[in-house]
1. Would you list, by chain and number, the aspartates and glutamates whose Cα falls below 19 Å from the Cα of residue 411, excluding same-chain residues fewer than 8 positions away?
2. How do 286, 418, 166 line up, fewest other C-beta atoms within 10 Å first?
3. Consider the candidate values (1) 40, 25, 24; (2) 44, 31, 21; (3) 44, 23, 20; state which one is semi-axes √(5λ) of the Cα gyration tensor in Å computed from the structure displayed.
4. So if I place +1 on the C-beta of Lys and Arg and -1 on the C-beta of Asp and Glu, and nothing else carries charge, what would the dipole magnitude of the range 242-335 be about its Cα centre? I want it in debye, nearest 20.
5. Would you calculate the separation in nanometres between label points at residue 478 and residue 154, each defined as 7 Å from the Cα along the Cα-to-beta-carbon direction?
6. Using alpha carbons only, what's the Rg to Rh ratio of the range 15-122 with Rh from Kirkwood?
7. For 298, 434, 211, 222, what ranking results if the residue with the fewest other Cβ atoms within 10 Å of its Cβ goes first?
8. Assuming R0 = 22 Å, what is the FRET efficiency of residue 452 and residue 340, from their Cβ-Cβ distance, to the nearest 0.05?
Amino acid sequence: MKLKTIISICFILITTYSFASKTIIKGKVKDFNKKELSIYAFTDYISQNKEKIGFTTITSNGSFQFEFDTDHITKVSLKIEDKTTWFFVEPGKVYNIGLSYDEAYNKGRIYDRQLSLKFNFPAPNELNQQVQKFNQQYDIFIEENKVLFEQRNRKIEPKIKEFEVEMLKKFNTQNNKFVTNYISYSIASMLNSIDVSYNMYTSGKGSEDTKANIYLKYLNNKPILYHNPEYMLFYKDFFKGEFKKLTLKKAVGIDISNTINDDASFTKLSASLSKYPFLKDKEFRELFLLNGLRGVYKGRYFNKKNIIKILTDVEENSDFKEQKIIAKNIKLRLTIKPISKGEKAPDFTLKNNKEELISLSDFKGKYVYISFFTTWSIPAQREMKIMQTLHKKYKGKIAFVSICADNEYQKMIDFLKENPSYNWDILHIGNNSKITSKYEVRTFPTYFLIDKEGILIAAPAGRPGGTAERASEINIEKVFYDLIH
């Protein structure tokens, strides 16, 4: 069961039309003066991929402004250090917001620290206000009917229908199709969550909410809402496991399996799926195909290389722009190989404080201790001081490489001016932010140890002085000593 209200926010909003084509996000941030604010946009809701669209530096008085282009309603994520929040933006509008950080609310959080968000001077009918109010009503409904949901009790069906009618009437969203669809597909997910069946007899004689009827109401002959997250969440949940089920059917199922394992053909796979009545529409069928391949990739019955080949074919040849994007993102997500001990360390070429390019391959023949850090991370700064001691002791025998993940190159330069004794190889991530994904860096600092041939000895590796605070952590200095003796 999901609760929609993730962040306790006190929304104040001003949303005005911009005469320019730019969407503008501006406002004030409390307690983060001169820090970097990064902005990410979700590119699709099947893979849940989001891309960085830029960053800005918060001024000394806490203000910021960022402009970008979008041609559709977009979910954006704002990040300061390791703290995030999100909201929806519409093309050509101005969003004046306030951000702050509540220590008490985030107590115990490690990887999902959340910023509090408010919009200045809220307009009641603005998209985010409508979504927020509906989410609150949604959570109340779920809580009030918690027992019926847990029991999958059929008495919940008419209650859900009444709730949908009430919400659509209450929010009066005729002028905002996005909110109307957000509400409808959130409620469709409710119906789907009670595990109704295609067969009406297994869901209760006379039941109006068999899975087939849910399909007819919410999906059949309806446009695909690529940019509405609730539509895509419902779509994924509704068809979860269905692609695999089709491959197990006699005759046609074998045909589907063969087009993947033998032919690796996007065209043939689409043709095989078209034999099913609910997949007659080409665009709908190809989205089903993409979501299905995503679901079966990790199974043992299908050739993984062929699945990637089909996804590449969709990326290059689909008639639908959004599906090309989805195929690309699914492929990238599926082909990310978890980094682990015994594998080749991902190479990189980054700039140091003298603007010289340094590559990991430059250290071949040496053991390399890599750290990813940021200038805002207190643990990173503390451990850099310990690493300074380790560097003095082991330099010449072990190469030390620290990679600064701050957005601005100048931040690293200023940091090193303040700490001139940090004289090992310190590099800036620059435009190569994907290196943190390749190394699966989730928090700063993170460490890796690589052997003389570029193979990972430890991923992640122990921290400098780790045992002082974490008795169970490997003593990295003992590892160094064992390597060189």
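1. Filter leaves 31, 36, 81, 82, 355, 356, 383, 425.
2. On the way: 286 23, 418 9, 166 12.
If I rank by nearby Cβ atoms, fewest first, I get 418, 166, 286.
3. So the calculated entry is the one marked (2).
4. Details: 20 positive and 12 negative charges, 92 e Å.
Dipole of the range 242-335, to the nearest 20 debye: 440 debye.
5. Here the answer is 6.4 nm between the modelled labels.
6. Working: Rg = 13.8 Å, Rh = 14.4 Å.
Taking Rh as the inverse mean 1/r over Cα pairs, Rg/Rh reads 0.96.
7. Numbers: 298 9, 434 13, 211 19, 222 16.
In increasing order of surrounding Cβ atoms, one gets 298, 434, 222, 211.
8. Details: r = 19 Å, r/R0 = 0.85.
Given R0 = 22 Å and the Cβ-Cβ separation, E is 0.70.
Here, each number is a calculation from the coordinates, and none is a lab measurement. It should be emphasised that the depicted structure is a prediction, and the values quoted were computed from it without experimental measurement. All Cβ positions, even for glycine, are placed from backbone atoms using ideal geometry, and neighbour counts span all protein chains on display.
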